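The values are calculated or read from the model by the stated rules, or taken from the named source; none is laboratory data. Everything quoted here is computed from the prediction, not taken from an experiment. Cβ atoms come from the backbone with ideal geometry, glycine included; neighbour counts cover every protein chain shown. These area figures cover heavy atoms from the full protein model, side chains too; ligands, DNA and RNA do not enter into them. Shrake-Rupley method; radii C 1.70, N 1.55, O 1.52, S 1.80 Å.
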Amino acid sequence: MYRYLLFAIVPGLLLLLANGHVAAQMYKYQDENGVWHFSDNPPPSEERRRHPSQEAMPASEKQVIIHRQGEDNAPIFEVSNTLPMPIQLEFSAGQLQNMRADPPLPLRKVIPAGSREPLTRFEKIDPNAPWSYTYRTRFVPGDPAADHLTGKPYLPPFSPHKEFSIAQAFNGEAGHDAHALTRYAVDIPMPADSTVHAGRSGTLVEINTGKLSPERRQKTFYVRILHRDGTFGLYAHLAPASVKLFMGMTINRGDIIGRLGSAADGNSPHLHFAVQKNVGMQLESIPFEFTSLEGIPQTPETGLLLRHPL
């Protein structure tokens with residue numbers, strides 16, 4: 001789910017490659033593996049896909065932008081992150097013919113929310129020889145330096161005065177243990193249209209439809225909240241029309257996020273909740289605790305009855 005390629009569109013998080021200098025002798029195309037090629041030689045086939053810098057895209061879709069400036073044979077690369085969350089970006093070279101990068105590639109860099117940062121520059125080695133280069137870029141939400149705040153348990157993510165049992169907890173056999181994204185997730189059965197509440201305060205950074213992990217076939221509607229400690233809260237199987245929120249919105253502990261919809265896998269309605277963090281170009285779920293009716297931290301277990309303390 002979270003392997004963002006900056007030339008492969010991920011629903012809700014789109015990329016535009018912005019070109020600051022286009023010359024007539026510059027050829028650029030994408031091969032069948034999704035790698036962008038830049039060269040002073042024409043592509044082997046005229047059916048290659050044009051580079052996104054030659055295509056118009058709505059301004060609302062420009063969220064992570066790679067800027068290529070300078071001369072065609074001496075490009076300078078920068079990145080803009082207009083998302084309301086930090087990302088970790090990886091910029092790597094493919095085939096370099098008569099070109100070198102400064103700083104060397106691959107490089108990984110954390111790009112703060114709302115910032116523009118330099119990446120690298122390419123230059124020719126022999127000014128009289130042909131040249132070409134390819135590169136790949138991908139990013140993962142979050143800063144790997146984030147440290148999960150463990151001293152403040154999460155509110156049960158449902159309405160006050162309610163109580164529901166956990167149907168599947170950490171390392172659950174029904175799909176949770178198959179991937180790091182879901183290993184420490186919990187499933188909480190609730191009636192359809194039940195209100196879903198934030199377990200911890202933060203900033204809404206994603207409203208999306210996608211897979212909860214790569215091996216799953218079905219997609220589901222979810223929201224992601226960035227906590228102040230740099231971790232994320234994921235709330236999945238929501239009804240899309242019930243989420244009346246916007247990107248960058250401040251969410252307080254206990255606020256209504258939306259209402260429960262149908263499960264993507266055809267199971268009975270349930271909330272899929274997980275706490276995740278970037279562990280270094282990869283999102284993983286991490287252990288967490290709920291607060292009990294008495295205000296005592298409790299580790300999620302299958303069959304545990306959660307009682308809202310408010």
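Failed condition for A145, given (1) loosely packed, with under 14 Cβ neighbours inside 10 Å; (2) modelled with pLDDT under 95; (3) out of contact with any Asp or Glu (no Cβ under 9 Å at 6 or more places or on another chain), with all others met?
Just one mismatch for A145, condition (2).
Test K109 against the stated conditions and say whether it is closer than 25 Å to E206 by Cα and not in a loop (DSSP other than H, G, I, E, B). Steps first, answer last, please.
Numbers: closer than 25 Å to E206 by Cα: yes; not in a loop (DSSP other than H, G, I, E, B): yes.
For K109, the condition - closer than 25 Å to E206 by Cα and not in a loop (DSSP other than H, G, I, E, B) - is met.
Can you tell me which of (1) surrounded by fewer than 19 Cβ atoms within 10 Å (Cβ to Cβ); (2) outside any strand (DSSP E or B) is the one L212 doesn't meet?
(1)
Between a residue in the stretch 127-138 that is within 8 Å of N98 (Cβ to Cβ) and any residue that is part of a strand (DSSP E or B) and modelled with pLDDT of 90 or more, which pairs come within a Cβ distance under 6 Å, given they are 6 or more apart or on different chains?
W131/Q97; W131/M99; W131/K124; S132/Q97
With the requirement that a residue be of a type in the set (A, V, I, L, M, F, W, C), farther than 17 Å from F158 by Cα and within 12 Å of the chain's Cα centre (by Cα), what does the stretch 187-245 give you?
Passing the criteria: V205, I207, L212, L226, F232.
Looking only at the stretch 243-301, count every residue that is basic (K, R), modelled with pLDDT of 95 or more and under 27 Å from H161 (Cα atoms) and tell me the total. Talk me through it step by step, then tell me what you get.
First, pick out the residues of the stretch 243-301 that are basic (K, R): 244, 253, 259, 277.
Narrowing further to those that are modelled with pLDDT of 95 or more: 253, 259, 277.
After this cut, where a residue has to be under 27 Å from H161 (Cα atoms) as well, the list is 253, 259.
Adding up the residues that qualify gives 2.
With the requirement that a residue be touching a residue at least 24 places away in the same chain (Cβ under 8 Å), assigned to a loop (DSSP other than H, G, I, E, B) and polar (S, T, N, Q), what does the stretch 262-291 give you?
Within the stretch 262-291, S262, S268, Q282 meet the criteria.
Kindly evaluate S115 against the criterion of being at pLDDT below 95, open to solvent by less than 60 Å² (accessible area, probe 1.4 Å) and out of contact with any helix residue (DSSP H, G or I) (no Cβ under 6 Å at 6 or more places or on another chain).
Values: at pLDDT below 95: no; open to solvent by less than 60 Å² (accessible area, probe 1.4 Å): yes; out of contact with any helix residue (DSSP H, G or I) (no Cβ under 6 Å at 6 or more places or on another chain): yes.
In short, no.
Across the stretch 216-241, what is the total count of residues that are without any contact (Cβ under 8 Å) to a residue 40 or more places away in the chain and either touching a helix residue (DSSP H, G or I) at 6+ places or on another chain (Cβ under 7 Å) or open to solvent by less than 30 Å² (accessible area, probe 1.4 Å) (or both)?
4
I'd like the residue in the stretch 90-105 that is among the hydrophobic types (A, V, I, L, M, F, W, C) and part of a strand (DSSP E or B) and, out of all such residues, is nearest to V79 (Cα to Cα).
So in the stretch 90-105, the residues among the hydrophobic types (A, V, I, L, M, F, W, C) come out as 91, 93, 96, 99, 101, 105.
Filter once more, so that each one left must be part of a strand (DSSP E or B): 91, 93, 96, 99, 101.
Values: F91: 10, A93: 16, L96: 21, M99: 21, A101: 16 Å.
This residue is F91.
Which of the residues belonging to the stretch 168-184 are in contact with a strand residue (DSSP E or B) (Cβ under 8 Å, 6 or more places away or on another chain), touching a residue at least 24 places away in the same chain (Cβ under 8 Å) and surrounded by fewer than 18 Cβ atoms within 10 Å (Cβ to Cβ)? If you could, list the steps in order and put the result at the bottom.
Step one: filter the stretch 168-184 for residues in contact with a strand residue (DSSP E or B) (Cβ under 8 Å, 6 or more places away or on another chain), giving 168-170, 172, 174, 176, 180-184.
Cutting the leftovers down to touching a residue at least 24 places away in the same chain (Cβ under 8 Å) gives us 168-170, 172, 180-184.
Hit for the stretch 168-184 is A180, nothing else.
Condition (residue is of a type outside the set (F, W, Y), open to solvent by 30 Å² or more (accessible area, probe 1.4 Å) and free of Cβ contacts under 8 Å to residues at least 60 places away in the same chain) applied to the stretch 185-201: is it met by at least one residue?
Filtering the stretch 185-201 down to residues of a type outside the set (F, W, Y) leaves 185-201.
Those left that are additionally open to solvent by 30 Å² or more (accessible area, probe 1.4 Å): 189, 191-193.
Next, from what is left, pick out any that are free of Cβ contacts under 8 Å to residues at least 60 places away in the same chain: none.
Looking through the stretch 185-201, none of the residues is of a type outside the set (F, W, Y), open to solvent by 30 Å² or more (accessible area, probe 1.4 Å) and free of Cβ contacts under 8 Å to residues at least 60 places away in the same chain.
Taking H37, is it closer than 30 Å to G280 by Cα, modelled with pLDDT under 90 and touching a strand residue (DSSP E or B) at 6+ places or on another chain (Cβ under 9 Å)?
On the way: closer than 30 Å to G280 by Cα: yes; modelled with pLDDT under 90: yes; touching a strand residue (DSSP E or B) at 6+ places or on another chain (Cβ under 9 Å): yes.
Judged against the criteria, H37 is a match.
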